[in-house]
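What follows is one structure encoded as structure tokens, with my remarks underneath.
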Amino acid sequence: MDKFETITGVAAPMPMINIDTDMIIPKNFLKTIKRSGLGVNLFDEMRYEIPGFVLNQEAYRNTEVLVTGANFGCGSSREHAPWAIKDFGIRCVIAPSFAD
């Protein structure tokens, strides 16, 4: 992520706890070492299987801030997860806690 002091943008509410790395970017998309092109698969199962998912809503399609529940990023170590978040256009994740 790029350093910033102030951000102005759309904030998407995603009040789920324990959002793990497999939810962020499913393992079947980990075949690349490039940091670009992963955003299309960010939250793949939720975005393409749940029509009311927050990032599918018109108001949040260009979100730059993701507001989540506790323990964001838990699960297996996966570099692709932050790469997918950044590639999608999200610049900031706000959560009560983050996984190691």
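The values are calculated or read from the model by the stated rules, or taken from the named source; none is laboratory data. It should be emphasised that the depicted structure is a prediction, and the values quoted were computed from it without experimental measurement. All Cβ positions, glycine included, derive from the backbone under ideal geometry; neighbour counts span all protein chains shown. SASA here: full protein model, heavy atoms, side chains in, ligands and nucleic acids out. Shrake-Rupley method; radii C 1.70, N 1.55, O 1.52, S 1.80 Å.
Within the range 58-100, the set of residues being closer than 13 Å to residue 42 by Cβ, open to solvent by 60 Å² or more (accessible area, probe 1.4 Å) and in contact (Cβ under 8 Å) with a residue 24 or more places away in the chain comprises 82, 86, 87.
Screening residue 17 on (1) open to solvent by less than 30 Å² (accessible area, probe 1.4 Å); (2) at pLDDT 95 or above shows it passes everything except condition (1). When 69, 37 are screened for being under 24 Å from residue 5 (Cα atoms) and more than 12 Å from the chain's Cα centre (by Cα), only 69 passes.
Can you pull out the residues in the range 36-57 that are surrounded by 14 or more Cβ atoms within 10 Å (Cβ to Cβ) and touching an Asp or Glu at 6+ places or on another chain (Cβ under 8 Å)? 38, 39, 42 - these are the residues of the range 36-57 that are surrounded by 14 or more Cβ atoms within 10 Å (Cβ to Cβ) and touching an Asp or Glu at 6+ places or on another chain (Cβ under 8 Å). What do you reckon, is residue 33 more than 25 Å from residue 97 (Cβ to Cβ), β-branched (Val, Ile, Thr) and either at pLDDT 95 or above or open to solvent by 40 Å² or more (accessible area, probe 1.4 Å) (or both)? In short, yes.
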